[in-house]
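K.L.:
Below are the structure tokens for one structure; questions will follow.
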Amino acid sequence: MNIAAILPHLELFGGVRRYIEIGNIFIEKGHTFRIYHSDGSRPTWLEFFGETRPVEWVTLEENEIAISSDYSVLHYLERANSVKKIFYCLLEHKNNRKVCANRKFLIMGNSSVICEMVRRKYKRECIEGIGGVNPELFHPLETKRESRDIRILCYGRIYKKRKGVDKIVKAIELLYKRYPSIRFLLFDTPVGSPKLDALKMIKTKVPLTFYTGLPQEKMAEFYSQADIFVSAEKRAGWSNPCAEAMACKVPVVCSSSGTRDFAIDEDTALVFRFRYPSIIAKKIRKLIENKELRKYIAERGYRKIQEYTWSNLVDNLEKEFTNLLKKGDSGNFRYCPE
């Protein structure tokens with residue numbers, strides 16, 4: 001198969017990771033996978049085995065499957081020279097209605113929640129593109145501990161309100177009064193233009209270390225040093241950071257957004273429904289005070305997330321895309337039963 005991914009850029013975002021990861025595996029399986037984006041440059045933060053092209057070329061080069069998940073480049077998806085055109089829905093968004101009403105596109109979801117939303121709300125069938133995580137990059141590692149600090153890790157993109165970092169900061173402040181051994185760790189890579197400095201946006205008295213620009217080959221070591229990983233997203237489809245933490249055998253405290261496929265409360269994670277700092281703090285405290293529970297949650301989470309590797313996802317998509325191409329043009333006009 002010849003597959004095209006249409007993106008606005010190749011900066012370090014979860015959606016971009018998705019295409020690079022599945023693209024590499026499609027290529028390893030003998031398919032062609034090209035990424036078309038703004039200037040056609042190659043990604044600098046994660047190796048990509050395929051070719052990159054300026055986005056305009058997607059209207060000229062022939063591909064069997066064209067995929068995009070960004071609303072800003074949908075006009076290129078519409079004009080792509082391809083047999084099948086798929087919108088990959090990665091999160092709940094106000095623009096979903098407009099996209100799902102466009103019968104030129106097939107719809108694919110990155111989580112069971114997104115797929116259910118598409119079927120229920122828009123009466124469309126939804127390809128299940130659920131997952132994933134790369135166990136070669138994210139896996140448990142032994143790390144040296146020189147103190148008894150409680151290390152709590154969080155993804156630090158605070159200027160994206162739906163990530164809920166501000167709520168986690170408040171939750172940690174509540175806990176710090178009782179547990180002064182808490183050490184707060186955050187990570188992110190500045191992206192966009194201008195590149196915002198997230199550290200300057202965080203005001204707290206809790207001892208905090210903010211890591212930026214960590215190389216991908218160091219991420220497993222970085223995650224593995226944490227005692228607890230916390231996420232408080234909303235409107236997410238699939239939470240890459242939570243999946244990565246689980247793959248590194250770190251116990252996770254998280255919202256249900258973006259995690260319902262793999263985060264089961266009191267089993268594979270501690271899950272909260274409402275993103276109030278006091279509720280988040282209560283869940284974290286439970287893990288701080290119960291070392292055996294931390295071990296249990298970490299082990300159960302690790303086992304569960306192994307079901308959602310990028311390789312498993314590509315195996316499923318390979319079958320789905322092959323069937324779509326066999327159906328001919330009618331495959332672009334599929335409806336979901338009431």
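K.L.:
If only one of 124, 42 is touching a helix residue (DSSP H, G or I) at 6+ places or on another chain (Cβ under 8 Å) and of a type in the set (Lys, Arg), which one is it?
P.N.:
Sole residue among the options that is touching a helix residue (DSSP H, G or I) at 6+ places or on another chain (Cβ under 8 Å) and of a type in the set (Lys, Arg): 124.
K.L.:
Let me ask another. Return yes or no: is residue 157 touching a helix residue (DSSP H, G or I) at 6+ places or on another chain (Cβ under 9 Å), charged (D, E, K, R) and in a loop (DSSP other than H, G, I, E, B)?
P.N.:
Taking the combined requirement at face value, the residue satisfies it.
K.L.:
Looking at segment 112-133, can you tell me whether even one residue there is under 28 Å from residue 278 (Cβ atoms) and in contact (Cβ under 8 Å) with a residue 12 or more places away in the chain?
P.N.:
Looking for residues that are under 28 Å from residue 278 (Cβ atoms) and in contact (Cβ under 8 Å) with a residue 12 or more places away in the chain, one finds at least one in segment 112-133, hence yes.
K.L.:
Another question, if that's okay. Assigned to a loop (DSSP other than H, G, I, E, B) and either closer than 22 Å to residue 3 by Cβ or modelled with pLDDT of 95 or more (or both): is that true of residue 103 in this structure?
P.N.:
yes
K.L.:
Among the residues of segment 264-322, write down those that are under 26 Å from residue 165 (Cα atoms) and touching an Asp or Glu at 6+ places or on another chain (Cβ under 6 Å).
P.N.:
271, 300, listed by residue number.
K.L.:
Those residues that are part of a loop (DSSP other than H, G, I, E, B), of a type in the set (D, E, K, R) and either over 24 Å from the mean Cα position of the chain (by Cα) or not assigned by TED's automatic domain parsing to the domain that holds residue 81 (or both), I need them from segment 45-67; list them, please.
P.N.:
61, 62, listed by residue number.
K.L.:
Restricting to segment 218-227, count the residues that are crowded, with 24+ Cβ neighbours inside 10 Å and either within 18 Å of residue 293 (Cα to Cα) or free of Cβ contacts under 8 Å to residues at least 60 places away in the same chain (or both).
P.N.:
Total meeting the criteria: 0.
K.L.:
Consider segment 20-44. How many of its residues are charged (D, E, K, R), part of a loop (DSSP other than H, G, I, E, B) and within 18 Å of residue 310 (Cα to Cα)?
P.N.:
1
K.L.:
State whether the residues of segment 221-237 include one that is of a type in the set (D, E, K, R), modelled with pLDDT under 90 and not assigned by TED's automatic domain parsing to the domain that holds residue 111.
P.N.:
The answer is yes, given that some residue of segment 221-237 is of a type in the set (D, E, K, R), modelled with pLDDT under 90 and not assigned by TED's automatic domain parsing to the domain that holds residue 111.
K.L.:
Can you find a residue that is modelled with pLDDT of 95 or more, out of contact with any His (no Cβ under 9 Å at 6 or more places or on another chain), surrounded by 18 or more Cβ atoms within 10 Å (Cβ to Cβ) and under 21 Å from residue 262 (Cβ atoms) anywhere in segment 166-183?
P.N.:
yes
K.L.:
Tell me the residue from 173, 116, 128 that is assigned by TED's automatic domain parsing to the domain that holds residue 23 and either more than 20 Å from residue 66 (Cβ to Cβ) or among the small types (Gly, Ala, Ser) (or both), please.
P.N.:
The unique qualifying residue is 116.
The values are calculated or read from the model by the stated rules, or taken from the named source; none is laboratory data. The structure displayed is predicted, hence computed values, not measured ones. Methodologically, a virtual Cβ is constructed for each residue, glycine included, from the backbone with ideal geometry; neighbour enumeration extends over all protein chains shown.
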